[in-house]
1. Neighbouring Cβ atoms within 10 Å as the yardstick, rank Trp235, Trp38, Trp199 fewest first.
2. When Lys and Arg each count +1 and Asp and Glu each count -1, what net charge do the other residues less than 14 Å away from Pro107, Cβ to Cβ, add up to?
3. For all pairs of alpha-carbon atoms in the stretch 3-99, what percent lies in each bin of width 10 Å, listed from the first bin to the last filled one?
4. Compute the relative contact order of the stretch 126-304 as a whole-number percentage, counting only Cα pairs closer than 8 Å that sit 6 or more residues apart in sequence.
5. Amide H to amide H, which residues 5 or more places from Leu247 or on other chains are under 5 Å from it, using H placed in the peptide plane?
6. With a point put 7 Å past each Cα toward its Cβ, work out how far His267 is from Gln62 in nm, to one decimal.
7. Lysine pairs in the stretch 80-206 with alpha-carbon atoms under 16 Å apart, 8 or more places apart or on different chains: how many are there?
8. Just to check I understand the Karplus step: with θ = phi - 60° and J = 6.51 cos²θ - 1.76 cosθ + 1.60, what whole-Hz values come out for the stretch 86-97, glycine and proline as x?
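Just so it is clear, none of the values below were taken in a lab; they were calculated from the coordinates. All of these numbers come straight from a predicted model, not from anything done at the bench. Cβ: placed from backbone, ideal geometry, glycine included. Neighbour counts: every protein chain shown.
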Amino acid sequence: MNNTHALDEFLDNLWLQDGLSRNTLQSYRSDLDKFLRWLDNYHLGNSHLTSPQGASLLNATQADIQGFLAYLVNEEKSKASSTSRAVSSLKRFYRHQLHLNKISNDPTLKIATTKLPRTLPKTLTEQDVELILHAPDTEKLLGMRDRTMLEVLYATGLRVSELVGLSVAQVSISMGVVRVMGKGNKERLVPLGEDAVDWLKKYLASTRPELLKKKLSAALFVTQRGSGMTRQMFWHLIKRHAANGGLTKPLSPHALRHAFATHLLNHGADLRVVQLLLGHADISTTQIYTHVARERLKQLHKENHPRG
């Protein structure tokens, strides 16, 4: 089996078995492609290892993988998160090959997976969110669309990819919910809240038809050209509106998602409920937000208590 076939078969299996997103699959391919390039260069520099067909992923040894990881750390100065992801990609690839009996020994078996410290997501205050929400000029078509998207994003805590991928059919105005297909093709129903529903009503009644100009589109949020919004385009819009609103804090693509979770917990929401709303498979992923909420409470105590 050549390298291309092994990679394609592995990624097809991931997609079929786990329903992973295109972005996640691309990350796996990127890590494995980089390892293969390093392997080729390493073999070229060691003539006794070189074969007419070049380096083979299936013939890689533990020493090869350790050498590659050393290269990432020492030569490329990769972040710990990037190196850890590469280890995970390699481990999963070779476990799959072992399962298929394509290899007799897993070269990653004794390679340790780096335990990364859980970093607290930087979150926005409720006042910060208000600045962003009120930044779009709703007298204009695009401003009206952007305000609606921001309201829906903050009301639901969707991932940006989930928001821009929404179709009109996934939204129920009468029930006040949105049906989301999240990671692993897992569906969840998320409440919209009254404010988001009101903005959606106005957007669907006039703004969206005017943007489409009689074109047909299944996408809920559309551009002036009548095409669906993209993640990159919307992320650019968020940064622009944050700047226009006077927000100087650094933003991440998940800024409003983080704010959604933290503000719910600050106002007494149950952690399990927040887990369901965010679409987290494991509650440990959601628990990071309890630390954020706790840090916020400490800060409030320090600022407002006479002996803080």
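1. With the sparsest Cβ surroundings first, the list reads Trp235, Trp38, Trp199.
2. Computed value for this residue: +3.
3. With a bin width of 10 Å, the distribution comes to 14, 49, 31, 6, 0.
4. 26 percent
5. Those qualifying (amide H under 5 Å, at least 5 residues apart or on another chain) number zero.
6. In this crude label model, His267 to Gln62 measures out at 5.4 nm.
7. Lysine pairs meeting both conditions in the stretch 80-206 amount to 4.
8. Values per residue, Gly and Pro as x: 4, 4, 4, 5, 5, 4, 5, 4, 6, 4, 5, 5 Hz.
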